[in-house]
Amino acid sequence: MGSKEGMDTSLPNGRNNFRDETLSPEDQAQLEALLEELDKWKQKHERADTEKSRLLLEKLDTEEQKKAAQSETMELLAQLKHGSDAFQNNRRAMEQELQKLEKSNGALKEKLLEQEEMLKIKRSEHARLKQQFKIKASIPEKSFKFTGQAEEGDNLHIEGKFTIIRKPLFLLSGGQALITFEEEKVASRILKLAKCHVEFDNSKMDVKPLCVTMDPSVKFELHIRVSKRKVRVSNIPPVVPEETMRDKLEISFSKLSKGGGEVESVDYNGRSGTGLLTFLNGGVAEHLALKKKHTVDTGVKVLESRVQPCFEYELKKLQTFCGVSRRTVLLSGLRDELEEEDLQDNLEIHFQKPSNYGGEVESIKYVRQGRSLEAYFVEDTAEAE
């Protein structure tokens with residue numbers, strides 16, 4: 001290729017400024033191609049260096065991110081372990097608490113069963129006692145004759161006090177007899193015997209003596225206050241509005257021709273069809289209550305009302321009691337081998353003999369098979385009705 005002297009290699013404006021006068025056109029063209037190729041490789045090298053620098057920077061960023069991720073992962077793992085440990089501890093504590101609760105629940109169930117069983121017993125006992133001490137007696141209407149001395153009271157009420165005593169009751173069944181001795185000690189001796197061998201004309205009976213337990217009885221005082229100025233009326237349906245009905249009642253019960261008087265106030269309940277009238281003067285209410293009925297003209301329909309006295313009552317000194325008879329013995333196991341009166345005579349003869357542990361007999365009552373009788377007792381006396 002010759003000497004390189006006189007060759008311009010500065011290439012300030014690129015490869016087109018390089019020209020060697022000593023080279024042939026072919027060599028010159030080949031040189032320019034080589035220089036162009038060199039320029040391409042320089043550009044590739046520069047791009048490679050730039051990419052290398054970028055990759056190094058990315059690598060550094062990635063390493064930092066990796067370290068941060070590892071640190072975060074370790075922190076999360078530590079938190080997870082801590083949470084897992086706390087969960088396990090809580091789970092064990094809850095399992096222990098659950099076991100305690102199950103044990104306590106089992107104990108409570110056993111106690112509940114015991115209480116339910118006790119409740120059943122108590123309810124049964126309550127029902128038995130309720131039935132035993134149940135007081136239900138109808139008191140018949142009776143006319144009373146005043147034989148005492150009247151005392152001045154207030155001008156608004158008539159007061160009365162009644163003492164009601166329900167005699168002790170014993171139900172005597174067929175094949176049984178009640179025998180009452182004059183002395184308690186005789187009845188006590190008879191009750192100590194398991195059986196009494198009673199001989200009759202042609203037969204013998206083994207009679208079992210039993211204690212007489214009477215049904216509950218009751219005693220109470222009934223205090224009654226009857227108003228002199230008030231009456232209660234009923235059988236007044238709301239055929240007109242309530243306010244109108246009050247006026248009609250006042251007008252009707254104010255008429256002297258119908259036994260009324262001046263009305264002080266009227267209370268009326270349309271739902272129940274009842275009312276309460278208060279008169280200004282006494283005597284009117286008593287007169288109307290004795291009539292029991294009073295007609296009321298409502299303008300729509302004539303009503304026949306029922307008139308009753310207005311009274312208040314109060315129970316006081318309520319006493320319930322039950323017990324056994326000390327002088328009366330129940331004889332059980334008797335048979336209808338004799339007439340009723342003959343059987344009673346034979347029993348009385350047997351139980352009067354001291355050799356049979358008996359004594360003086362006050363009364364005796366026998367009930368034949370298939371029948372029953374209610375025996376009522378009073379203090380220190382026995383009666384069979």
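The values are calculated or read from the model by the stated rules, or taken from the named source; none is laboratory data. A quick note: this is a predicted structure, and the numbers were derived from the prediction, not measured. Glycine gets a Cβ as well: all are built from the backbone with ideal geometry, and neighbour counts include every protein chain shown. Just the protein is used for accessible areas: all its heavy atoms, side chains included, with ligands, DNA and RNA removed. Shrake-Rupley method; radii C 1.70, N 1.55, O 1.52, S 1.80 Å.
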Notebook entry, point to check: In segment 74-119, with Lys and Arg counted as +1 and Asp and Glu as -1 at Cβ, which of these residues, 108, 77, 96, has the Cα nearest the positive end of the dipole, that is, farthest along it?
Noted result: 77
Next item on the list: Quickly estimate the mean residue ellipticity at 222 nm for the chain, helices only: each DSSP H run with n ≥ 4 gives -39500 (n - 2.57), and the total goes over all residues, rounded to 500.
Entry: -14000 deg cm²/dmol
Notebook entry, point to check: Normalised by the number of residues in the chain, what is the relative contact order in percent for Cα pairs under 8 Å and 6+ residues apart?
Noted result: 20
Next item on the list: Among 240, 256, 333, flag the residue with its Cα farthest along the positive direction of the charge dipole of segment 226-385, charges on Cβ as +1 for Lys/Arg and -1 for Asp/Glu.
Entry: 240
Note to self: Over the chain, with the other protein chains present, what is the accessible area per residue in square angstrom, probe 1.4 angstrom?
What the structure shows: 74
Margin query: With +1 on the Cβ of every Lys and Arg and -1 on the Cβ of every Asp and Glu, and nothing else charged, how large is the dipole of segment 15-117 about its Cα centre, in debye rounded to the nearest 20?
Written below: 520
Notebook entry, point to check: Could you give the dipole magnitude of the chain about its Cα centre, charging the beta-carbon of Lys and Arg +1 and that of Asp and Glu -1, in debye to the nearest 20?
Noted result: 2440
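Could you tally the net charge around residue 266, taking each other residue with its Cβ under 10 Å from the Cβ of residue 266, Lys/Arg +1 and Asp/Glu -1?
Summing Lys and Arg as +1 and Asp and Glu as -1 gives -2.
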Item checked: Of 39, 206, 336, the one that fluctuates the most in a GNM where the chain has Cα springs shorter than 10 Å -> 39
Notebook entry, point to check: How big is the charge dipole of segment 291-385 about its Cα centre, in debye rounded to the nearest 20, if each Lys and Arg gets +1 on its Cβ and each Asp and Glu gets -1 on its Cβ?
Noted result: 900
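Order the peptides 91-103, 160-172 from the highest to the lowest mean number of other Cβ atoms within 10 Å of their residues.
The packing order, highest mean first, is 160-172, 91-103.
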Check: Hey, which of these cross-link pairs are over 31 Å Cα-Cα: 111/317; 130/316; 167/292?
Finding: 111/317; 167/292
Check: How high is the relative contact order of segment 233-365, in percent, with contacts defined as C-alpha pairs under 8 Å that are six or more residues apart?
Finding: 19
Next item on the list: Given the options 232, 368, 54, state which has the largest fluctuation in a GNM of the chain using a 10 Å cut-off (strictly under) for Cα springs.
Entry: 54
Item checked: Within the accessible area of the chain (1.4 Å probe), percent carbon and sulfur -> 51
Item checked: Kirkwood estimate for segment 182-259, i.e. one over the average of 1/r between Cα atoms, Å -> 20.6
Margin query: When the expected Rg is taken as 2.2 N^0.38 Å, what fraction or multiple of it is the alpha-carbon Rg of the chain?
Written below: 2.85
Item checked: P(r) of segment 212-349 over all Cα-Cα pairs, binned every 5 Å from zero, in whole percent -> 2, 9, 15, 14, 10, 6, 5, 5, 5, 5, 5, 6, 6, 5, 3, 1
Notebook entry, point to check: Just in segment 227-289: which GluC sites (Glu not before Pro) are loop by DSSP and have at most 14 other Cβ atoms within 10 Å?
Noted result: 262
